[in-house]
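These notes are about the structure you will find just below.
Every number here is computed from the coordinates shown, using simple stated rules; none is lab data. Because the structure is a prediction, the values reported are computed rather than measured. Cβ atoms come from the backbone with ideal geometry, glycine included; neighbour counts cover every protein chain shown.
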Amino acid sequence: MIILSQRGEPPPTANESSEGMINMATMTTAEVALELDTDPRTLRKFLRSADAPVDAVGKGSRYAIEKKQIRSLRTKFAKWDEARNADKADDTPETDNEDNSPETPTEG
């Protein structure tokens, strides 16, 4: 049995809004993080950066990421993560394997 609206149209399906527009399936940050082989916290840092191609929607910096965006997101995330790790490496002081501490006399 098909139920028709007052205008004689079938009701919208799960992927259609009441205006007839199709809603794209969005993913959570946890789902996207799995796709990008990272953790949700690092992904959210990326999404807040200027390099991210995604804008926050709604309150609390929520993100509406569509599955079709994953490929470009993966490329931009990889570049961002590489630059971030390079900056971390530049900030870390280099250490030698040699002991540079002053010699202390040994008791004999």
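The table for this structure:
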read-out: Positive-pole candidate from S49, M27, G60, dipole of region 26-78, charges at beta carbon; value: G60
read-out: Projected label distance in nm at K59 and D87, using a 7 Å step from Cα toward the beta-carbon; value: 3.1
read-out: Cα gyration tensor category, rounded, prolate or oblate, for region 26-78 with a/c compared to 1.5; value: rounded
read-out: Neighbourhood net charge (11 Å Cβ-Cβ; Lys/Arg +1, Asp/Glu -1) for R74; value: 0
read-out: Cα-centred dipole magnitude for region 26-78, charges only on beta-carbon of K, R (+1) and D, E (-1), debye, nearest 20; value: 140
read-out: Under 19 Å from the Cα of K76 - lysines, other chains or at least 8 residues apart; value: K45, K67, K68, K88
read-out: Charge sum, other residues only, whose C-beta stays under 12 Å from L47's C-beta, Lys/Arg counted +1 and Asp/Glu -1; value: +4
